[in-house]
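J.: Below you will find the structure I want to go over with you.
Nothing in this text is a laboratory measurement; each read-out follows from the coordinates by a stated rule. Note that the coordinates shown come from a computational prediction; the quantities given were computed from them, not determined experimentally. Counting neighbours? That spans all protein chains shown, and the Cβs are built from the backbone with ideal geometry, glycine included.
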Amino acid sequence: MSVERTFSMIKPDAVAAGQVGEILAMIEQAGFKIVGLRMIRMTEKQAQGFYAVHREKPFFAGLVKFMTEGPILVMALEREDAVRKWREVMGATNPANAAEGTVRKRFASSIERNCVHGSDAPETAAVELGFFFSAADLL
Ligand code: IDP
Ligand code: MG
């Protein structure tokens, strides 16, 4: 397995709750190098575009409202097997199913307000990194 990059976000719930520092520490302790990081506030259009794959889901409108309610951190993370490893460190979508010691087990309050995002495959990571970072940002 070679070094790869994945896309990650710290969502509005965790930023508002002051959990950024602890989540970044968990990321670094898991062996990731943070190779890109910005704080932004997504517009409704950006959130709809980013989550377009979920547009037919019953939770789509609520998800867009949540993801635009406040600032977020967008990040590019690098390590061996980064996509799979960051999904493992994040924990399951629903914190009720998340393993002990995962970010979502520690900080998420619901299946919607689950504090972090991670790409689900290398192909998705490439698209999601490109959504928020230009190639020159991530040399
Ligand atoms: P993931 O973030 O673990 O990849 P996805 O299924 O891709 O999970 O869903 C994207 C995001 O949509 C989740 O992280 C969560 O914020 C929200 N979400 C997913 N399923 C539900 C649901 O059943 N109700 C409300 N929100 C949901
Ligand atoms: Mg997903």
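J.: Which one, Asn97, Ala25, Pro12, projects farthest toward the positive side of the charge dipole computed for the chain from Cβ point charges (K/R +1, D/E -1)?
T.: The residue sitting most towards the positive pole is Pro12.
J.: Exceeding 25 Å between C-alpha atoms, which entries from my cross-link table qualify? They are Lys33/Lys65; Lys57/Lys85; Lys45/Lys85; Lys11/Lys85; Lys65/Lys85.
T.: Lys33/Lys65; Lys57/Lys85; Lys45/Lys85; Lys65/Lys85
J.: With no solvent and one equal point scatterer placed on each C-alpha of the chain, evaluate the Debye formula and give log10 I(q)/I(0) for q = 0.09 Å⁻¹, two decimals.
T.: So the normalised log intensities are -0.24.
J.: Sum -39500 (n - 2.57) across every DSSP H segment of at least 4 residues in the chain, then divide by the residue count to get the 222 nm mean residue ellipticity, nearest 500.
T.: -10500 deg cm²/dmol
J.: Now a separate question. So for segment 84-126, averaging the separation of alpha carbon pairs under 8 Å that are six or more residues apart and normalising by length, what relative contact order in percent results?
T.: 35 percent
J.: Still on this structure, please answer the following. Explain nothing, just the number: dipole magnitude of the chain about its Cα centre with +1 on each Lys and Arg Cβ and -1 on each Asp and Glu Cβ, in debye rounded to the nearest 20.
T.: The calculation lands at about 260 debye.
J.: Using Cα pairs closer than 8 Å and at least 6 residues apart in sequence, work out the relative contact order for the chain, in percent.
T.: 38 percent
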